[in-house]
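Undergrad: Mind looking over this structure? Questions follow.
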Amino acid sequence: MCCRPPFRDIIDVMENEPATSVDWRRDGTIAVITVDHPPVNALNNAVRRGLIDAFTHAQRDAAIEAVVLTGAGRTYIAGADITEFDRPPQVPSTSDVIAAIEQVSKPIVAALHGTPLGGGFEIALACQFRIAAPGTRMGLPEIKLGLIPGAGGTQRLPRLIGMERAMAMILSGETIAADEALALGLIDAIVEGDLVAQALAFARRMLAEKRAPARARDCDERLAPLRAEPQKFDEMAAAHLKRARGLKAPACAVEALRGAIALPFDAAVEREWAMFLDLRAGDQSKAQRHVFFAERDAAKIPDLPKDRRAVESAAVIGAGTMGSGIAMCFANAGIPVTVVEMSTEALKRGLDAAEKNFRATAARGGLSASDVDRRLGLIKGTTDIEAIGAADIIVEAAFEDMAVKQELFARLDRLAKPEAVLATNTSYLDVDAIARSTARPQSVLGMHFFSPANVMRLLEVVRGAQTAPATLAAAMAVGRRIGKIPVVVGVCHGFVGNRMLRVRTAAAERLLLEGALPQDVDAALTKFGFPMGPFAMADLAGLDISWRMRKAQGLRAEIADSLCEIGRFGQKTRKGFYLYGEGSRTPQPDPEVEQLIVAASARLGVARQPIDPAGIVDRLIFPMINEGARILDEGIAHRPGDIDVIWIYGYGFPAWRGGPMFYADSVGLSGICERLRAWAATTGEQRYEPAPLLARLAAQNRGFGSLADAAR
């Protein structure tokens, strides 16, 4: 058990240390404490010291009858300063701030706006009253960083809103809006106008009404039923933990929450803090914190203009699965979108698919009926391509064929307004060749959405040789506006994600020839943390799609192509690498596939032998890392973290392993190089030879992280 220094000792240490970032003033008999630490009032050590000093002052000043706590600028305290997490725990902690708050014997009103998150929200939970401006979103997102709340959040939140809702908030890490918080009783009021003025009025009203301030720690009535029937807690927790495969933080969060019904309050808080520290020092949280910063860094493109071209209307060419999904993305963001198709029938199918998806979301409680109607009202369909003339951005989602796309972009060039962004949704074709079919290559780029486009968050923004900075800036801005995580990549076959996927696919085929079966490979990769293995994923996507691409390029994948040649295209034909029962998506091993694989090994003279799961993972992941090094060396990706973000959000790489390049550093580049050289010697395949950048970093005893540090 980790113990903190006594609160009074902390006060003594701070007596001679000037506080910064926190303003203290009087408004009559009310103290107004304002955190002013731009840009988001992160709860760093200076802020924590300033808060303790301010609350201690408010308690000691006999003229003060109540306190208002708020934040300057665009938000109340938006959480901890994550950069401190890689250092030893510092005094005072957020719990020490809360101890100072709970020693104040006067009403404290937290005035919330923006995004009160994490430790900032835990401080608000310790205040006796909470009011919020409209649009405020609040929550405890620590689970997304491989952590749990560490300042009593797992104890105060269930006491205020009940265990079931608190568990859902903490284990999802999602925020809730002010109106939902009000309905739950988490805040006392939503106020319009000047937030501090309203908080002062609220505090004076509480004083006039002589409302006895209650501390969250003392509110036990919502937990009494679970204390009487603790098995209900286990049932509640089991439903959440089913979705937490491989993750440590959710199990710790459940145990911390269990403390709310099983332990005295202070003992439960100490236990929560000990688990927080253990997680913070662990590999999973370090990986997830890397992803947090990598995602933020991906938005930083050095040469982009600050003035962004406004995008207020869009057009999508093609109403297939991808086109209708992209149209939904624009509608979700409130951007009117025109969908163009060649035939009325194809157009209707696409629009019907969008409506079906919206209505399914509404049925699950994700949208209201009015939300659906509003989104559908923003999507207009037409067979007249000239209707794209007024659009600020045009996204082509036509058939993946160079000739088709070049002809289409030549038409768009004639029809689109001069300042329009022209984007192709290609997943691997040459964006520069497409741009050359227009007289304005500076306006052309790739916007590679991932299927299903209305769900997947990744967006590869492909910067062509002549793409103008203003065009790129507009695409990045609209990508963020439609809820995507845009990552800039360069032009090459498959860009970043699919180029590395192609290497993994080849490695998976080789594993089949050398002794593994599809179920062995998929089991090893799902145990590693992927949601699906490569062969189950191939069956889901349809084997015929990749087969057609390979034939166009004169390539062959021995096992996959042999399956296609006998009509096994995956789930769509109920046979692929696996068998699928009528109406089932559950893959079942098929002896016919095993016979086909064994025969192929014999025909090609490859001796089969058992391959252990760890060896399977290395054979799949290490070649990807090697290709990632080539991608970095060629400048196709700007940073190692960009590759990690692409693979986490586009291909299901487990976030708690940090992405392929972060994972490489955790394994050690020297060992990866040794294994690659051994495979190159055994197989005779040059693609296994370590990439120059990988070999260079390994020789220098450096990791990919050193490149990221240099890029910053």
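What follows draws every value from the coordinates through simple rules; no lab data is involved. Just so it is clear, the model here is predicted, and its values are computed rather than measured. No Cβ is skipped: glycine too gets one built from the backbone with ideal geometry, and neighbour counts run over all protein chains shown.
Undergrad: What is the ratio of the Cα radius of gyration of the chain to 2.2 N^0.38 Å, with N the residue count, to two decimals?
TA: Its radius of gyration relative to the 2.2 N^0.38 Å reference: 1.06.
Undergrad: What residue among 620, 517, 655 has its Cα farthest toward the positive end of the dipole of the chain, where the charges are +1 on Lys, Arg and -1 on Asp, Glu, each on the Cβ?
TA: 517
Undergrad: Let me ask something additional. Give me the distance in nm between label points sitting 7 Å out from Cα along the Cα-to-Cβ direction at residue 553 and residue 417, one decimal.
TA: The two pseudo-label positions are separated by 3.9 nm.
Undergrad: I'd like the distance separating the alpha-carbon centroids of the range 95-147 and the range 455-507, in whole Å.
TA: Rounded to whole Å, the Cα centres lie 37 Å apart.
Undergrad: While we're on this one: Could you tell me what fraction of 2.2 N^0.38 Å the Cα radius of gyration of the range 319-392 comes to, as a two-decimal ratio?
TA: So the Cα radius of gyration is 1.07 times the expected 2.2 N^0.38 Å.
Undergrad: Continuing with the same structure: Based on the Cβ-Cβ distance from residue 274 to residue 245, what FRET efficiency comes out when R0 is 25 Å, to the nearest 0.05?
TA: It comes out at approximately 0.55.
Undergrad: How much length would be gained if the chain were fully extended between residue 407 and residue 61, taking 0.36 nm per residue of separation minus their Cα-Cα distance, in nm to one decimal?
TA: Length gained, residue 407 through residue 61: 116.9 nm.
Undergrad: For the chain, take the longest principal axis of its alpha carbons; what is the angle in degrees between that and the long axis of helix 321-332, to the nearest 10 within 0 to 90?
TA: The angle comes out at about 20 degrees.
Undergrad: Could the peptides 114-121, 652-659 be put in order, highest first, of the mean number of other beta-carbon atoms found within 10 Å of their residues?
TA: Highest-to-lowest ranking by the protection proxy: 114-121, 652-659.
Undergrad: Quick one: if you stick a label point 7 Å off each Cα along the C-beta vector at residue 371 and residue 263, how many nm between them?
TA: Output for this residue pair reads 3.7 nm.
Undergrad: Any idea how far apart residue 566 and residue 523 come out in nm if each label point goes 7 Å out from Cα toward Cβ?
TA: Roughly 2.3 nm, to one decimal.
Undergrad: Of all DSSP beta bridges located in the chain, what percent are antiparallel, nearest 5?
TA: Counting DSSP beta bridges with both partners in the chain, the antiparallel share is about 30 percent.
Undergrad: May I ask which of 248/527; 144/248; 356/380; 144/306; 300/484 have a Cα-Cα span longer than 19 Å here?
TA: Exceeds cut-off: 144/306.
Undergrad: For the modelled label position 7 Å from the Cα of residue 481 along Cα-to-Cβ, which residues of the range 416-458 have backbone nitrogen atoms closer than 20 Å?
TA: 416-425, 443-450, 453-458, by backbone N distance to the label point.
Undergrad: Ok, one more. So what's the gap between the Cα centers of the range 190-258 and the range 583-601, to the nearest angstrom?
TA: What the calculation gives is 51 Å, centre to centre.
Undergrad: With N residues in the range 516-603, what two-decimal value do you get for its Cα radius of gyration over 2.2 N^0.38 Å?
TA: 1.05
Undergrad: So what is the 222 nm mean residue ellipticity for the chain from helices alone, if each DSSP H run of at least 4 adds -39500 (n - 2.57) and you divide by all residues, rounding to the nearest 500 deg cm²/dmol?
TA: -15500 deg cm²/dmol
Undergrad: Considering just Cα atoms, how many Å³ per residue does the convex hull of the range 128-280 enclose?
TA: Convex hull volume per residue, Cα atoms: 119 Å³.
Undergrad: Suppose R0 equals 45 Å. What FRET efficiency, 1/(1 + (r/R0)^6) with r the Cβ-Cβ distance, do residue 227 and residue 451 give to the nearest 0.05?
TA: After rounding to 0.05, the efficiency reads 0.40.
Undergrad: Mind pulling the per residue volume of the convex hull built on the Cα atoms of the range 71-173? Å³ is fine.
TA: 109 Å³
Undergrad: Whole percent per 5 Å bin, from 0 to the bin with the longest distance: what is P(r) over all C-alpha pairs of the range 314-489?
TA: Final binned percentages: 1, 9, 19, 23, 22, 14, 7, 3, 1, 0.
Undergrad: Can you give me the orientation-averaged projected area of the convex hull built on the Cα atoms of the range 115-192, in nm²?
TA: Answer in nm², one decimal: 4.4.
Undergrad: Which ordering of 568, 608, 440, 60 is given by a fewest-first count of other beta-carbon atoms within 10 Å?
TA: In increasing order of surrounding Cβ atoms, one gets 60, 608, 440, 568.
Undergrad: Can you run phi through the Karplus equation (6.51, -1.76, 1.60; θ = phi - 60°) for the range 158-173 and list ³J(HN,Hα) in whole Hz, with x for Gly and Pro?
TA: Computed from phi, the couplings for the range 158-173 are x, 5, 8, 10, x, 5, 4, 6, 5, 4, 4, 5, 6, 7, 8, x Hz.
Undergrad: Going 7 Å from the Cα of residue 666 toward and past its Cβ, which residues in the range 273-295 have a backbone nitrogen under 19 Å from where you end up?
TA: Label zone hits: 276-295.
Undergrad: On average over all directions, what projected area in square nanometres does the range 613-711 have, based on the convex hull of its Cα atoms?
TA: Average projection, Cα convex hull of the range 613-711: 6.2 nm².
Undergrad: Still on this structure, please answer the following. For residue 612 and residue 359 in the same chain, what is the full-extension length gain: residue separation times 0.36 nm, less their Cα-Cα distance, in nm?
TA: 86.5 nm
Undergrad: Based on the Cβ-Cβ distance from residue 344 to residue 592, what FRET efficiency comes out when R0 is 51 Å, to the nearest 0.05?
TA: Approximately 0.75, to the nearest 0.05.
Undergrad: Pull up all non-local amide H partners of residue 146: gap of 5 or more, or a different chain, and H-to-H distance under 5 Å with H placed in the peptide plane.
TA: Residues meeting the amide H criterion: none.
Undergrad: On full extension of the chain, what length is gained from residue 701 through residue 214, given 0.36 nm per residue of separation minus the C-alpha to C-alpha distance?
TA: In short, 169.6 nm is gained.
Undergrad: Taking neighbour Cβ counts within 10 Å as the exposure measure, how do 674, 400, 386 sort from fewest upward?
TA: Exposure proxy ranking, most exposed first: 386, 674, 400.
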